[in-house]
Amino acid sequence: MAKTLFDKIWDRHVVRELPDGTSLIYIDRHLVHEVTSPQAFEGLRLTGRKVRHPELTFSTMDHNVPTDDTRLTIKDPISKAQVEALETNCKENGIHLYGIGDDHQGIVHVIGPEMGITVPGLTLVCGDSHTSTHGAFGTLAFGIGTSEVEHVLATQTLRQKKPKTFKVEYTGKLSPHVHSKDMVLKLIGIIGTAGATGSVFEFCGEAVEALSMEARMTICNMAIEGGAKAGLIAPDQTTIDYVLAEDRPFVPKGEELEKAIEEWKKLPSDPDAKFDRTLVIDASKIAPQVSWGTSPGMVIDVDLPVPGLDDVPGYSAGDVQKALDYMGLEAGQALADCKLDTVFIGSCTNSRIEDLRRAAKVLDGKKKADHIKLLVVPGSQQVRKQAEAEGLDKIFTAAGAEWRWAGCSMCLAMNPDKLAPQERCASTSNRNFEGRQGAGGRTHLVSPEMAAAAAVAGHFVDIRTWNGGN
Amino acid sequence: MEAFTTHRGILAPLDRANVDTDQIIPKQFLKSIARTGFGPSAFFDWRYVLNGDVNPDFELNAPRYEKRSLLVTRNNFGCGSSREHAVWALAQDGYKVIIAPYRGEGDDYIPGFADIFKNNCSKNGVVTIELSEAEVETIFKAVYGEEGLEATVDLENQKLTLHGESEVTFDFEYDPSVKNKLLKGLDDIEESLLYLDDIKEFETKHATWIHQ
Ligand code: SF4
């Protein structure tokens, strides 16, 4: 029978079907960070269980770490205790750790691919919903809760119900200055934040094939924002070139690698494979997207007015009103009219080298508007190093930005980087929930290019027609 | 995990759709390495005003809901972050049951709960009940209409009963694997380790290079 990419990966990982109707699935890679793991390790300790495969478990610190020059000495005692707990847990269990000060520390979803931990055809989990990022490699990757983290640590498996498949085909070519961030925001605007619950996306079509690996990761990163369990993109030559490009220590070597590549080439969905659901989006018609509300599904083309109470499919008038009130916006208003306070370029959605290059291109030779605080936070120390080698840091600082060390930073504001109440932020991250970037803070999700241009203008602009402030 | 068979308690309403886990428990509380102590921080940004006082405008703060243990809300509850802390916070704040509506069918289907959240509930003995929008509307009306309205959940028979002036009973669907686990209070890891031999055998056949 014809199989989808998802079916092929799933079938290869079923240890056995269980009597309760779930499947016991083998997990090849388990990524761990400081926030969602301490209680799992504690659970193992209390039950006297051991980590079954420390060599398949990889950890880093990202959520809690300061990204300014104080990063090596965390002042907040509770954050510090959490980071130290991860150090102890990794040491006691013989788990790879890329901690603070390590050359490879970074956001868990940035360092996985960077180090070759993520390669096609695997199952990969992490106690973090944006684990869907890794699906860009054609690896089945999804977020789990802490109880499941403990389950994977103890058994290297998970009990799972087989999800449905949902194909999203992007036909045609993207317009200039429109990026994968806009592709995924557009999708969520169409289906809503619960539209894909219980499903695994497969993103395909001409516009997806044309994307680099980093751009593909941006789309898969936000699969969870559509409610999906995971997002997948079939591995192709672009994937293989990325995996083989630099020294990625965990990529197989020699004969094993050749065998693996042969397997990877067989992964794409069979031409006549059936999906439970299909959606076609014309990529050539996608405009730069800006979220206006408090849910990623509340998003519009940059040149459209803020919608009215009854104009938002999937949201009740009451919910739209609550969102408008929280965001300090009125129906019919142009987004360009609202003044921004902060611009954040970073997060596991858009903090890789290509994202920084794009932002730098917009900022080159320009200055941020005086009233804007501009924060550029690379996704990993490796990205930071590369950006500095290319002189991007100089462009950012000359434009008036703060150039930071790697971490999640203002994506969730667990470290000292946060918005004050009612501060308005253009952010390249993935969630505009109430208070996400600081209690009372107002987040607008955009691409790195749109964020950089907004920093210069002091408000949103249509990057397609903006003349750079001249 | 404690077994869940039946539960009777007071119902409280949260009339919002798409309540995300950042709202259920904001990030500043995720720094804890403990599994307890999250209850008072549930819905923190709504529950308290900026100076830390209780927010009188937040509906769950009304005195009539003080002793509630069942929550009725709108669709896609628990979306966003995978943080299990959200479930710990709700459970420790006394919620044993959450009721939310699904909507539509086929391509238009919107669930009552987000996937990871629902799954996390099942690991912590919290029962998530999905009913139709019309049924949930009836429950909202009943809750607003009668102070101290109680309800009983009978998981074995998959029935929810409102003990209002006249009793109303709703039947609900429940995933049999989750139901069985909740009824018996089973520990997932212990259950899975029963298949350790299968796991070992699988590992001998699975690609070896993953173990570098
Ligand atoms: S960057 Fe943001 S979304 Fe990504 S892992 Fe960190 S906190 Fe989560």
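Points to keep in mind about this one:
- The lone exception for residue A:427 - which of (1) open to solvent by less than 20 Å² (accessible area, probe 1.4 Å); (2) of a type in the set (Ser, Thr, Tyr); (3) more than 16 Å from the ligand (Cβ to nearest atom) it fails: (3)
- Residues that are among the charged types (D, E, K, R), farther than 20 Å from residue A:291 by Cβ and in a helix (DSSP H, G or I) within the range A:180-213 comprise A:206, A:209, listed in sequence order.
- So residue A:331, is it under 25 Å from residue A:432 (Cβ atoms), at pLDDT 95 or above and in contact with a Gly (Cβ under 7 Å, 6 or more places away or on another chain): yes
- Candidate set from the range A:359-384 (those that are within 22 Å of residue A:423 (Cα to Cα) and among the β-branched types (Val, Ile, Thr)); member that is farthest from the ligand (Cβ to nearest atom): A:372
- Taken as a whole, the structure places residue A:49 among residues that are open to solvent by 10 Å² or more (accessible area, probe 1.4 Å), away from the ligand (no atom under 14 Å from the Cβ) and not in a helix (DSSP H, G or I).
- Within the range A:59-83, tally of residues that are away from the ligand (no atom under 13 Å from the Cβ), out of contact with any strand residue (DSSP E or B) (no Cβ under 9 Å at 6 or more places or on another chain) and either assigned to a loop (DSSP other than H, G, I, E, B) or in contact (Cβ under 8 Å) with a residue 40 or more places away in the chain (or both): 12
- Members of the range B:168-185 that are aliphatic (A, V, I, L, M) and open to solvent by less than 20 Å² (accessible area, probe 1.4 Å): B:182
- Some residue of the range A:97-120 being within 12 Å of chain B (Cβ to nearest Cβ), open to solvent by 10 Å² or more (accessible area, probe 1.4 Å) and closer than 30 Å to residue A:246 by Cβ: no
- When residue B:40 is tested against the conditions (1) in contact with a strand residue (DSSP E or B) (Cβ under 8 Å, 6 or more places away or on another chain); (2) more than 27 Å from residue B:108 (Cα to Cα), the lone failure is (1).
- Each residue in the range B:53-111 was checked for being open to solvent by 50 Å² or more (accessible area, probe 1.4 Å) and either in contact (Cβ under 8 Å) with a residue 24 or more places away in the chain or within 16 Å of the ligand (Cβ to nearest atom) (or both), and 7 pass.
- Taking the criterion of being hydroxyl-bearing (Ser, Thr, Tyr), farther than 21 Å from residue B:175 by Cβ, outside any strand (DSSP E or B) and facing chain B (nearest Cβ under 8 Å), the only residue of the range A:1-41 that qualifies is A:36.
- Entirely in the range A:339-409, the helices (runs of 4 or more DSSP H) that have 3 or more residues that are under 22 Å from residue A:445 (Cα atoms) and in contact with an Asp or Glu (Cβ under 6 Å, 6 or more places away or on another chain): A:353-363
For (1) of a type in the set (S, T, N, Q); (2) under 30 Å from residue B:194 (Cβ atoms), each residue gets a yes or a no:
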{"position": "A:90", "(1), (2)": "no, yes"}
{"position": "A:93", "(1), (2)": "yes, yes"}
{"position": "A:102", "(1), (2)": "no, no"}
{"position": "A:118", "(1), (2)": "yes, no"}
{"position": "A:131", "(1), (2)": "yes, yes"}
{"position": "A:137", "(1), (2)": "no, no"}
{"position": "A:150", "(1), (2)": "no, yes"}
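The values are calculated or read from the model by the stated rules, or taken from the named source; none is laboratory data. It should be emphasised that the depicted structure is a prediction, and the values quoted were computed from it without experimental measurement. A quick note on method: Cβ atoms are made from the backbone with ideal geometry, for glycine too, and the neighbour counts reach across all protein chains shown. Just the protein is used for accessible areas: all its heavy atoms, side chains included, with ligands, DNA and RNA removed. Shrake-Rupley method; radii C 1.70, N 1.55, O 1.52, S 1.80 Å.
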